[in-house]
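Sharing a structure below in structure tokens format, with a few things to ask.
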Ligand code: ARG
């Protein structure tokens, strides 16, 4: 280390001039890097600049800033934004965060007017405003991906409204269902996730700007002006709360964790169904990868990776909850730790939604395999019991009769529909020729024709209601 690299104790040359006034020595180099956030918060530069433009305009309209200063601030900020867009901006860790990097660049460009921008404002309300603006944009982008994915599911469900497959409980064959009905179950999960995001957006969309450091400001600010310019739905009512709480970001991470949990369930089914043991579906090669050692392998990497990303989504939520826990009012530096988990949740959500929106409509369904699987495993046993109830038996007695028929089938490797009428009548005299109507898979699924049921007609109606429900969700 040369002499000039190693500042003496009263050398302030390396201390941030935006707050260095009361300091008598420069910040420790390690501390400077340790406390800086610019490496990750620079991703909010557009929001930071938008907030500054609005703040300057408001100060000018409130008589705090001259028109000339306001104009040059706008001009300077526009230039800076263009420079950053073009990758032509030098970020400095010594300037700690995105806010001070931009403010310092502004002052360098336009002189004293730049120094007046921070009047009546603090980085505490600035950063809270930036995060909300950023998250509002991110939510809107995620909503568009949700919509693409959900629309794809509706197409798939409609196409397979009468494709029969085994339905499972405990991963054991339970009753036949239609694949369209199964897809609509995925749709319901993800539509709720979109609805949760829409609800969270209301709480994201409230403006902290004007809260200043913690108590508000003595300047005659007009928060309605910045609110209007920035398009916030409301103004945060309490300055202490506004600069400190990150519950809206925690909600976003919570929603993301729930969504990833849902996507992991879908992913798990795709992985299972693609296996040689199920062979229900095929994923196009472009969503799979091979093995460097086993030439026959085609691995469902995309669903597996989405399933695995549930881990980081949960981790991010726990990080956010934990960093916020026990923080006394108002702003504390702990809050700087909100960004990396939040940004990671945003990226993870966007990536997974995109992957699924691209992949699910391209799933190839092996109808024959699904049908064959549904035929084995006594999937119409409940239908036989219901048939006997209609013939006058109590359900528990019917259950007993069918249990005996299934035991016979297991012992003789016969499905219920494969047994002759005489054999079936051996279990109950109430069984007549019409029993075969209910023992077929088509008869079984078609019988469940009500809202929420698996009948092809019910699925088609569910799809048509779903189109309207989707259109009514996340409207901003
Ligand atoms: N980089 C900080 C953050 O991310 C900005 C706010 C800092 N305010 C302060 N008083 N240190 O939270």
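Taking segment 156-183 only, how many residues are out of contact with any strand residue (DSSP E or B) (no Cβ under 6 Å at 6 or more places or on another chain), within 19 Å of residue 262 (Cβ to Cβ) and surrounded by fewer than 19 Cβ atoms within 10 Å (Cβ to Cβ)?
Residues that pass the stated criteria total 2.
Can you run down the residue pairs with Cβ atoms below 7 Å, 6 or more apart or on separate chains, where the first is in segment 323-345 and outside any helix (DSSP H, G or I) and the partner is near the ligand (Cβ under 10 Å from one of its atoms)?
327/334; 330/214; 330/243; 331/124; 331/214; 331/243
Here is a follow-up. Considering every residue within segment 445-455, establish whether at least one is over 30 Å from residue 263 (Cβ atoms) and either surrounded by 20 or more Cβ atoms within 10 Å (Cβ to Cβ) or in contact with a strand residue (DSSP E or B) (Cβ under 9 Å, 6 or more places away or on another chain) (or both).
no
Also: Being modelled with pLDDT of 95 or more, away from the ligand (no atom under 16 Å from the Cβ) and part of a helix (DSSP H, G or I) is the requirement here; does residue 142 meet it? Give the steps one after another, and end with the answer.
Details: modelled with pLDDT of 95 or more: yes; away from the ligand (no atom under 16 Å from the Cβ): yes; part of a helix (DSSP H, G or I): yes.
Judged against the criteria, residue 142 is a match.
Residues checked against (1) more than 23 Å from residue 207 (Cβ to Cβ); (2) touching a residue at least 24 places away in the same chain (Cβ under 8 Å); (3) not in a loop (DSSP other than H, G, I, E, B):
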site: 39; (1), (2), (3): yes, yes, yes
site: 57; (1), (2), (3): no, yes, yes
site: 68; (1), (2), (3): yes, yes, yes
site: 75; (1), (2), (3): yes, yes, yes
site: 80; (1), (2), (3): no, yes, yes
site: 84; (1), (2), (3): yes, yes, yes
site: 88; (1), (2), (3): yes, no, no
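Given the residues 137, 199, which is the only one that is in contact with a helix residue (DSSP H, G or I) (Cβ under 9 Å, 6 or more places away or on another chain), closer than 30 Å to residue 232 by Cβ and either without any contact (Cβ under 8 Å) to a residue 40 or more places away in the chain or not in a helix (DSSP H, G or I) (or both)?
Numbers: 137 fails: either without any contact (Cβ under 8 Å) to a residue 40 or more places away in the chain or not in a helix (DSSP H, G or I) (or both).
None of the other options fit; the residue is 199.
Another one. Among the listed residues 121, 201, which satisfies the condition of being within 16 Å of the ligand (Cβ to nearest atom) and surrounded by 18 or more Cβ atoms within 10 Å (Cβ to Cβ)? Spell out how you get there, then give the answer.
Details: 201 fails: within 16 Å of the ligand (Cβ to nearest atom).
Step by step, each of 121, 201 is checked, and only 121 is within 16 Å of the ligand (Cβ to nearest atom) and surrounded by 18 or more Cβ atoms within 10 Å (Cβ to Cβ).
Consider residue 469 carefully, then state whether it is within 22 Å of residue 155 (Cβ to Cβ) and exposed (fewer than 13 other Cβ atoms within 10 Å of the Cβ). Outline the logic, then answer.
Details: within 22 Å of residue 155 (Cβ to Cβ): yes; exposed (fewer than 13 other Cβ atoms within 10 Å of the Cβ): no.
So residue 469 fails the test.
How about segment 90-117: which of its residues are touching a residue at least 40 places away in the same chain (Cβ under 8 Å), over 15 Å from residue 16 (Cα atoms) and outside any helix (DSSP H, G or I)?
Of everything in segment 90-117, just one residue is touching a residue at least 40 places away in the same chain (Cβ under 8 Å), over 15 Å from residue 16 (Cα atoms) and outside any helix (DSSP H, G or I), namely 117.
Would you tally the residues in segment 65-98 being within 16 Å of the ligand (Cβ to nearest atom) and on the phi > 0 side of the Ramachandran plot? Can you show your working first?
Step one: of segment 65-98, the residues within 16 Å of the ligand (Cβ to nearest atom) are 91-98.
Subsequent filtering for residues that are on the phi > 0 side of the Ramachandran plot retains 96.
Adding up the residues that qualify gives 1.
A follow-up question, please. Within the group 128, 174, which residue is outside any helix (DSSP H, G or I) and either under 20 Å from residue 265 (Cα atoms) or within 16 Å of the ligand (Cβ to nearest atom) (or both)?
Values: 128 fails: outside any helix (DSSP H, G or I).
On inspection, the qualifying residue turns out to be 174.
The values are calculated or read from the model by the stated rules, or taken from the named source; none is laboratory data. Nothing here was measured: the structure is a model prediction, and the numbers come from that model. Cβ coordinates were reconstructed from backbone atoms using ideal geometry, including for glycine residues, and neighbour counts include every protein chain displayed.
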